[in-house]
Amino acid sequence: MIAYIRGRLASKDSSSVVIENNGIGYEIFIPLSTLYNLPEKDEEVTLYVCPYIKDENIMLFGFSTLLEKKLFLMLTSIPGIGPRLALNILSGIGAQDLLEAILNGNTARLCMIPGIGKKIAQRIILELKEKSKGIISEDLMAKDRFYSIKSDAISALVNLGYPEKTAEKVVSEILSKKELDLETVIRESLKRLSRQV
């Protein structure tokens, strides 16, 4: 099972990207929310990936966040919702807004997504309401961890003599591209800061 792909962003359009990794170009289908978070062409990118196999064809679906990937897997577990429709749903509503709509039973909000009628909206809410509660608590824990790493990394750089604003800018840039542990964030930050001197 492929969990994620990291490599050079060879090309991108509104529905897919090609990521080159070790000389192989992987075509990955994405929602619009992921498209907006992509770096410029030829820069390094990491996408969380869900492989989908049908009639001996393998398709890859990719996401900029783990939350989007989890929601995609939840949506495709519902009978009648395939990967294309799930991708369309994630293109039509943000991940947090989708979770809120499901938890609040907001059928009208889901019906605003192109291609989603009342019956499908009701089915999504019925099937995913309980599962969404677990995702919200997981997401909050991940956010707490993210802010803890960010704060600790900035503090370490300030203690090394760097201005707080400079430290915050560099750490934020690094964490915006991928999830890293504290030690790696500090090491990458020092590399960037040494190049700026």
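The values are calculated or read from the model by the stated rules, or taken from the named source; none is laboratory data. Remember, it's a predicted structure, so these values are computed and weren't measured experimentally. Here the Cβ is made from the backbone with ideal geometry for all residues, glycine too, and neighbour counts use every protein chain on show.
Each row is one residue, and each column tells you yes or no for (1) touching a Leu at 6+ places or on another chain (Cβ under 7 Å); (2) outside the structural domain of L35 (by TED's automatic domain parsing).
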| site | (1), (2) |
| --- | --- |
| P51 | yes, no |
| L71 | yes, yes |
| G80 | no, yes |
| P83 | no, yes |
| N88 | no, yes |
| L99 | no, yes |
| I102 | yes, yes |
| I116 | yes, yes |
| A121 | yes, yes |
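Can you find even one residue in the range 24-34 that is farther than 23 Å from N88 by Cβ and in contact with a strand residue (DSSP E or B) (Cβ under 9 Å, 6 or more places away or on another chain)? The answer is yes, given that some residue of the range 24-34 is farther than 23 Å from N88 by Cβ and in contact with a strand residue (DSSP E or B) (Cβ under 9 Å, 6 or more places away or on another chain). Here N104 meets each of (1) touching a helix residue (DSSP H, G or I) at 6+ places or on another chain (Cβ under 8 Å); (2) modelled with pLDDT of 85 or more with one exception, condition (1). Filtering the range 99-114 to residues that are assigned to a loop (DSSP other than H, G, I, E, B) and more than 23 Å from S64 (Cα to Cα) leaves N104, G105, N106, M112.
Scanning the range 1-34 for residues that are over 17 Å from Y52 (Cβ atoms), exposed (fewer than 14 other Cβ atoms within 10 Å of the Cβ) and among the acidic types (D, E) turns up just one, D13. Scanning the range 161-197 for residues that are part of a loop (DSSP other than H, G, I, E, B), exposed (fewer than 12 other Cβ atoms within 10 Å of the Cβ) and at pLDDT 85 or above yields G161, P163. For the range 35-58, residues that are exposed (fewer than 13 other Cβ atoms within 10 Å of the Cβ) and closer than 16 Å to L90 by Cα total 1.
Residues of the range 35-74 that are hydroxyl-bearing (S, T, Y) and touching a residue at least 12 places away in the same chain (Cβ under 8 Å): T46, Y48, Y52, S64, T65.
Could you tell me whether G94 is over 15 Å from Y26 (Cβ atoms) and touching a residue at least 60 places away in the same chain (Cβ under 8 Å)? Talk me through it step by step, then tell me what you get.
Numbers: over 15 Å from Y26 (Cβ atoms): yes; touching a residue at least 60 places away in the same chain (Cβ under 8 Å): yes.
Yes: the conditions hold for G94.
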